[in-house]
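Have a look at the structure below before the remarks.
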Amino acid sequence: MGLFGRLMGRDLPERRDGRRIYFRLLEQARQPGFFGSGRFADDYDGRIDAISLHMAVLMERLRSEGEDGRLLTQAMFDEMKDDFEIALREEAIGDTGVKKRIKPMIGHFYDRLKTYTDALTGPDAVDVLAQSLRLTDTDDAHQDFARKIAAYAVQWSRDLKQTRLEDITSGRFYFPEL
C-alpha cells in the first residue's frame, strides 16, 4: 500500500487483521442457510442482522484482549462501515445519499450488536438469543431455526474462548455447523 494508505491508517497491522477477520465473517454470514423463510430476511436489514451476529460473537471474544482487542474491534468495525458504503455506492447512490443511508445502517448494527451481546453474555444464552433474533417468520414452526442459530452462536462463542488471539488475527478460527 502506498503513502496515502499508510497516512490513512489502512496499512496498520490491526487494520490488515481487522480486514481479514471481517471478510471471513462476511463470507460466513452470507451463507445461504442463514436466509429464507423463517430465517434472516434476504435484504439489507437481514444481511446486517447476520453480520451483526457474527461480529457480536467475535467482538465479545476480543474484549478479553485489552488494547489489542479494542484496536482489532475498531478495525473490524471500520472495515464493515467501508463495506456498507461501497455497497451503497455500487447502487449509484451519491455522497449525500450515502451519508443519509449509512447512518441508519450503522444504527441498526449497533442495536443488533447490543442485543446479541447482552443475550450471549447473560444466563440462558440460547433461549434469550433465539428470542432476540429478527427472523422473517416467528411462528412456532420457525422457532426451531431461531434456536438452531442461537445454539450455533453460543457454541461458536465457547469455541472462540479457546482460540488464541494469534489464530484469530490470522483468520484461523472455525465456525460450528449450522
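Read-outs throughout are calculated quantities, based only on the coordinates presented, and are distinct from any laboratory measurement. Quick caveat, the model's predicted, so the values are computed rather than measured. Ideal geometry is used to build each Cβ from the backbone, glycine not excepted, and the neighbour counts take in all protein chains shown.
Could you list Tyr116, Tyr22 in order of exposure, starting from the residue whose Cβ has the fewest other Cβ atoms within 10 Å?
Neighbour counts put them in this order, fewest first: Tyr22, Tyr116.
Counting Lys and Arg as +1 and Asp and Glu as -1, each charge on the Cβ, what is the dipole of the stretch 70-178 about the Cα centre in debye, to the nearest 20?
380
Could you tally up the Lys pairs in the chain with alpha carbons closer than 27 Å? Skip any pair fewer than 8 positions apart unless they're on separate chains.
11
Considering amide H positions built from the backbone, and no H for Pro or chain starts, which residues 5 or more places from Phe173, or on another chain, come under 5 Å of its amide H?
none
Is the C-alpha gyration tensor of the stretch 42-102 telling us rounded, prolate or oblate? Criteria: a/c under 1.5 is rounded; beyond that, a/b larger than b/c is prolate, otherwise oblate.
Oblate, since a/c reaches 1.5 and b/c is not below a/b.
Rounded to the nearest 500, what is the 222 nm mean residue ellipticity of the chain from helices alone, with -39500 (n - 2.57) per DSSP H run of 4+ residues and division by all residues?
Value at 222 nm, helices only: -24000 deg cm²/dmol.
Just want the ordering: Leu53, Leu62, Leu71, Leu178, from fewest to most Cβ atoms lying within 10 Å of their own Cβ.
The order, fewest Cβ neighbours first, is Leu178, Leu71, Leu62, Leu53.
Could you tell me whether the chain comes out rounded, prolate or oblate from its Cα gyration tensor? Rule is a ≥ b ≥ c as square roots of the eigenvalues, rounded for a/c under 1.5, then prolate if a/b exceeds b/c, otherwise oblate.
Cα axes put the chain in the oblate bin.
When a/c reaches 1.5 or more, the comparison of a/b and b/c decides; with that in mind, is the stretch 87-178 rounded, prolate or oblate per its Cα gyration tensor?
It comes out oblate by the Cα gyration axes.
Farthest toward the dipole's positive end in the chain, which of Pro176, Ile102, Ser132, given Cβ charges of +1 (Lys, Arg) and -1 (Asp, Glu) about the Cα centre?
Toward the positive end, the furthest listed residue is Ile102.
Ala151 to Thr136: extension gain in nm, 0.36 nm per residue of separation minus the Cα-Cα distance?
Extending this stretch completely gives an extra 3.6 nm.
Label points 7 Å out from Cα along the Cβ direction at Lys114 and Ala87: separation in nm?
2.1
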